[in-house]
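Here, each number is a calculation from the coordinates, and none is a lab measurement. What you see is a predicted model, and the numbers here were worked out from it, not measured in a lab. Counting neighbours? That spans all protein chains shown, and the Cβs are built from the backbone with ideal geometry, glycine included.
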Amino acid sequence: MVKRFLPVTIVVLLFLAAPLVQAYEAHVEEVINTPTVTSKKAFEVDTTMELWNRALDNPCLMGRLWEIYEFKPSYNVTKTATGIHVAGSLGIAGDVRQVAQSDHARTFYATGRFDHWVIPSFFTANSVVMFEYNGNGDRPSGEVTLFLRGNNGISRFVMSIFSGTLTRRINNRTDSTLENMKEILRDIVNDPVKVRDALAGQLLSDFDRLFQVTEIKPTDSQEMSPDLQYQMYK
């Protein structure tokens, strides 16, 4: 049960952050003030602050790239009116939305449930993940905090029993998720054509708009290789 529960607590790590002093909606405050499990991890990202913030602010695009890169566990991400809906390969379903942002922080709120016949339907939980970070130009660094709260007494009881195991697995998954996200961002910077060519439709339009990838037309006397036909302005 612990392994099956973890993906819904981790998926929001692609997308979140914000300071504790900020006022949140009551149900968000409840998760922060009375969590069943809490996890904190330091992190550093080798990219610009602007690119990091754009990635956090666009979870649907980043989630789709996660699928394309075939990272594990696998997720199917779809856009909703307020955020994204995530369906995991282990029978996890969750809805994620951003609830706050600043220049150096993001916060998202997620509701999670199981869609699997072996797990009771009442076993549900909500999560809040905060990324707080600083950085002048390159390499934002800071701390990510995950608050996880069961939605009912039985869920909280089971999570409390396994809190040590949950925390260790969340920490491991946080490290893995951040490494995967760093790989995507490195490719966006160093090989945007590779990333762009994997997208189509609205996701392609979003990518070009967010990361300002524009086609460069060769001059009459110059032929350009495919890898040089696009440029990303950072």
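Extension gain for the segment Glu67 to Leu210, taken as residue separation times 0.36 nm less the Cα-Cα distance, is 49.6 nm to one decimal.
Starting from the Cα-Cα distance between Glu25 and Arg186, subtract it from 0.36 nm times their residue separation and give me the gain in nm to one decimal. List each step's numbers first, then the result.
Details: separation 161, 0.36 × 161 = 57.96 nm, distance 3.49 nm.
Contour length minus Cα-Cα distance gives 54.5 nm.
Mind checking the full-extension length gain between Thr34 and Thr167? Use 0.36 nm per residue of separation minus the Cα-Cα distance, one decimal, nm. Don't skip to the end; give the middle numbers.
Values: separation 133, 0.36 × 133 = 47.88 nm, distance 1.59 nm.
Contour length minus Cα-Cα distance gives 46.3 nm.
Given a Förster distance of 45 angstrom, what is the FRET efficiency for Ala198 paired with Phe157, based on the Cβ-Cβ distance and rounded to 0.05? In this case the efficiency is close to 0.55. Taking the fewest neighbouring Cβ atoms within 10 Å as the starting point, the ordered list for Phe71, Phe131 is Phe71, Phe131.
Where does each of Thr78, Thr38 land when they are ranked from fewest to most other beta-carbon atoms within 10 angstrom? Write down the numbers at each step before the final one.
Details: Thr78 11, Thr38 14.
Listed from fewest to most nearby Cβ atoms, that is Thr78, Thr38.
Placing pseudo-labels 7 Å out from each Cα toward the beta carbon at Asp57 and Asp138 gives an inter-label distance of 2.3 nm.
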